[in-house]
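Just so it is clear, none of the values below were taken in a lab; they were calculated from the coordinates. Predicted model only: the values in this text are computed from it and were never measured. Positions of Cβ are generated from backbone atoms using ideal geometry, with glycine treated the same way; all protein chains shown enter the neighbour counts.
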Amino acid sequence: MAAALKSVQGVQDVKLNSDSSEATVTLKATSKDADLVAAVKKQGYGAWVIPTKTVQLAVTGLACGGCEKKADAAIRTVTGMRKVKVNKTSKRATITFEIKRATTTKIVKALKKAGFASREVTS
C-alpha cells in the first residue's frame, strides 16, 4: 500500500497504521486527493480523505512536566485531534486536527478551561 501511495505525484511521505487501517500522507500543495483515493482503490481497498489542519499555539503556564501533561490532556478532550505535541520548554503546542470536527477556537477554549491561556502563532 505504501508503494502505491508513494507512486502518486506530489506525495512526500507515507505512514501506515495497521492497527487503525489508516494512512497518513504528506503532500505537496500541487497534489490531488482524488489521485490518492484512486491509488488505494486500485489496490482493492476503500478510501476517503480526512482533511486536517496543523496549528501552533503559544501556551502560557507551562511551568513543568505536569503542566505539559495537563495541557495535552485538555487538548485531547476536543473531538478530532490527530496529533498533539505540547512542549514546556518552548511553551508551544503543535496540534493537527480534523477540520470537519474541530477548530482552533475549540482547542483554545479547552486549554482555557484547564487554566491555560493560549493564542495561535503565525509564521
- How would you rank 56-62, 9-15, highest first, on the average number of other Cβ atoms within 10 Å across their residues? 56-62, 9-15
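Counting alpha carbon pairs within less than 8 Å and at least 6 residues apart, what relative contact order, in whole percent, applies to the chain? Can you show the working numbers first?
Details: 190 pairs, mean separation 27.2, N = 123.
Relative contact order comes out at 22 percent.
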- Query: How many angstrom separate the Cα center of the range 9-30 from the Cα center of the range 84-123?
  - Reply: 23
- Item | the range 17-113: chymotrypsin sites (Phe, Trp or Tyr not before Pro) in DSSP loop, at most 10 other beta carbons within 10 Å | 48
- Query: Taking springs between alpha-carbon atoms closer than 10 angstrom, which of 80, 66, 46 fluctuates most in the Gaussian network model of the chain?
  - Reply: 46
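Can you sort 72, 19 from fewest to most other Cβ atoms within 10 Å of each residue's own Cβ?
Working: 72 16, 19 6.
Lowest to highest Cβ neighbour count: 19, 72.
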- Query: In whole Å, what are the Cα extents of the chain along the three principal axes, biggest one first?
  - Reply: 49, 30, 24
- Message: Could you tell me the extents of the range 2-42's C-alpha atoms along the three principal axes, largest first, rounded to whole Å?
- Response: 30, 19, 15
- Message: Run the paramagnetic zone check for residue 73: 7 angstrom along Cα to Cβ, then residues of the range 101-123 with backbone nitrogen under 16 Å.
- Response: 110-116
- Task: Take the chain, connect every pair of alpha-carbon atoms lying under 10 Å apart with a spring to form a Gaussian network, then pick out the residue of 88, 28, 53 with the largest mean-square fluctuation.
- Result: 28
